[in-house]
Amino acid sequence: MSTSDRENDSHSRNGTAKSIGPFQIQKRAQTFDTGAAPGKILWGIAEKKVRKKINTYRYQNFAHDKDIRILRIFPGKKSSRLECVLFTSALPSAEHLSLRSESAIHSYWALSYWWGEGEATNPITIYDDIEERERLQKMTPFNPSKIFYVRDNLAAALRQFRDETEAINVWVDALCINQGEEPDAVREKTVQVKRMAEIYSAADSVCVWLGAGKDGTKATFQFLKDILNLEYLDRLQNSPETSEKWMLVVNLMKNRWFSRRWVIQELAFAKSATVRWGSEEMTWPNFADSIALFMTKHEQMKETRSRAKSFSKISDPNVHVGALDPRALGANTLVHATSSLFRRSDDGKIQQRLVSLEVLVSSLFLAFEASEPKDIIYAVLSLAKDTTIRHELADPPSWVIPPTPTLSMQIQDWILWLCIVLLKLFNWSQNESLRIAPAKKPQPSLGIDKRILPDYDKSLADVYSDFMEYCIESSKSLDILCRHWAPRPKKMTPLEKLRMEKSEWKEEAVKMPSWIPFIDGHAYGGPGGVLNGRKNGDSFVGNLERQNQQHYCASGGLSPYVKFGK
């Protein structure tokens with residue numbers, strides 16, 4: 001989950017051509033695919049010029065440490081306006097049931113999607129929660145309601161999944177979590193982010209939404225289904241008519257959904273998952289198998305397609321692969337990683353996490369971006385083996401910090417101690433009919449190292465330095481200093497700059513320590529760079545997930561000692 005997924009302004013600013021001799025070469029950089037038709041993309045760009053819509057719906061505070069919000073979409077035709085209601089529900093978790101939530105448990109499915117770009121301009125009607133859960137509530141103009149604006153991609157998904165006769169319950173982060181900047185909203189988001197793994201694992205299913213679809217959507221999914229036939233797969237490299245279909249899959253792998261960092265855990269914790277692109281659908285296991293089989297034949301097909309007959313085809317990224325290496329794309333990484341993150345039981349339950357946080361953040365998932373730089377760490381916390389502590393461990397790791405006893409716990413202990421003293425003073429304890437057993441002091445449960453706990457109030461520099469300090473201490477190595485993984489601080493949007501000017505505040509550049517290894521120095525220069533080929537060499541210390549290829553150890557055989565000036 002992220003608070004927003006804005007497109008980097010890395011495209012060419014103009015369409016002028018550079019003249020070289022008798023030729024004119026047009027610069028055509030490869031870009032991620034939004035999953036929508038080109039017309040809708042142009043409309044989205046035009047919408048950026050429109051004045052920002054103001055939401056009239058206001059979130060009500062709720063027990064965000066116990067419950068979640070669920071969006072109920074009322075029945076309607078695709079052309080009619082979207083009408084919904086947000087209501088609270090408890091999660092079917094033993095841990096949170098012990099908190100005695102007052103809300104009932106309701107079933108739902110969860111949406112995994114790319115937030116989109118530009119401003120939110122699509123209105124949906126959200127009615128006040130009137131506690132109507134088990135039966136369909138007929139909505140009339142007299143029911144109190146407000147307007148909430150969403151971006152194009154989410155609006156298209158809600159319309160696609162809305163049923164004409166029955167209401168459906170769905171969890172979608174943009175609506176079910178208050179994404180505001182008020183203190184209450186920030187506190188709610190911080191708590192709910194910690195529960196993302198539980199939210200997605202408790203959902204009946206997870207739907208991966210790739211977009212509204214376009215002309216090649218149906219042909220792409222049909223080709224993926226055909227690939228599952230191994231005999232058909234063997235004939236691919238010798239069949240000239242499959243060449244165009246091959247590029248359909250490469251372009252699918254460039255879909256923006258595969259570049260989102262939050263999708264990793266959204267998919268990894270799902271009981272079952274389906275992939276939806278417009279009206280086309282595949283189960284995730286079949287989709288993943290198709291991509292894996294596709295990659296086994298990619299080198300042969302790339303060699304065939306490299307024999308382009310015209311310069312125009314070579315310069316078109318939608319026709320010619322060029323410097324792009326599909327193995328570096330998020331789609332390929334996701335297919336392989338989701339099967340190697342956990343050791344599961346026969347019924348699919350997670351028995352053991354296998355990968356450390358340092359590997360997840362600084363190596364394995366660098367192809368996935370997050371619009372909020374802090375989410376580069378927070379989005380994979382629940383997947384790491386060293387951030388989820390088992391209570392039955394005899395010797396917990398040295399970095400585990402037990403939670404500090406609260407004031408209420410201390411007061412209860414003092415009251416209990418005082419009662420026992422008073423009873424002894426009055427000799428009540430000698431009465432055989434009244435025996436008082438000394439109460440056992442509750443043992444604090446193990447917690448996660450507080451340095452890496454999600455905290456959106458913490459500065460970006462502190463988030464990065466705390467993470468690096470944690471990695472050095474837990475791995476006993478300085479290698480994290482040599483791996484380029486950290487996103488740059490995000491730039492202010494024009495709207496944010498305007499608000500700051502009106503409030504008479506001055507924009508100050510975020511100062512970051514020089515020892516933080518920014519992702520610009522990575523082999524591909526960041527997630528978007530995988531589309532245009534390598535930019536830099538590999539890290540001196542190699543890849544964590546492939547220790548046998550480690551070239552250099554920053555601390556040699558010595559135990560590291562570092563001190564961060566925070």
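If each of ILE415 and SER559 carries a label point 7 Å out from its Cα toward its Cβ, how far apart are those two points in nm?
For ILE415 paired with SER559, the spin-label model returns 4.5 nm.
So, by mean Cβ neighbours within 10 angstrom, what's the order for 202-208, 534-540, 486-492 with the highest one leading?
On the way: 202-208: 20.1, 534-540: 14.1, 486-492: 16.6.
Descending mean neighbour count gives 202-208, 486-492, 534-540.
Ranked highest first by the average count of other Cβ atoms within 10 Å around their residues, in what order do 259-271, 214-226, 170-182 fall? Display every interim value, and only then the final one.
On the way: 259-271: 22.9, 214-226: 17.3, 170-182: 19.5.
Highest-to-lowest ranking by the protection proxy: 259-271, 170-182, 214-226.
If you count, for each residue, the other Cβ atoms within 10 Å and average over each peptide, how do 463-472, 330-339 line up from highest to lowest?
Details: 463-472: 22.0, 330-339: 19.9.
Answer by packing, highest mean first, reads 463-472, 330-339.
Average the reciprocal distances over every distinct pair of alpha-carbons in region 163-286, invert the result, and give the Kirkwood radius in Å. It would help to have the intermediate numbers written out before the result.
Numbers: mean 1/r = 0.0584 Å⁻¹.
Computed over Cα pairs of region 163-286, the Kirkwood hydrodynamic radius comes out at 17.1 Å.
A 19 angstrom limit on the alpha carbon distance is what I want to check against. Which of LYS349/LYS374; LYS189/LYS374; LYS53/LYS254; LYS254/LYS374; LYS349/LYS385 exceed it?
Distance filter (> 19 Å) returns LYS349/LYS374; LYS53/LYS254; LYS254/LYS374.
Apply the a/c threshold of 1.5 to the C-alpha gyration tensor of region 178-224 and tell me whether it is rounded, prolate or oblate. Mind showing how you got there, number by number?
Numbers: a/c = 5.72, a/b = 2.21, b/c = 2.59.
Note, shape of region 178-224 comes out oblate.
If we count every other residue with Cβ under 14 angstrom of LYS271's Cβ, Lys/Arg +1 and Asp/Glu -1, where does the sum land? List each step's numbers first, then the result.
Numbers: positive: ARG344, LYS349; negative: GLU198, ASP204, GLU266, ASP347.
Taking every other residue near LYS271 into account, the sum is -2.
For region 220-299, count the residues as N, evaluate 2.2 N^0.38 Å, and divide the Cα radius of gyration by that value, please. Each step should come with its number before you reach the end.
Numbers: Rg = 13.3 Å, N = 80, 2.2 N^0.38 = 11.6 Å.
Taking the Cα Rg and dividing by 2.2 N^0.38 Å, one obtains 1.15.
Since every read-out is calculated from the coordinates, none of them should be taken as a lab result. Predicted model only: the values in this text are computed from it and were never measured. Because the Cβ atoms are built from the backbone with ideal geometry, glycine has one as well, and the counts that use them run over all protein chains shown.
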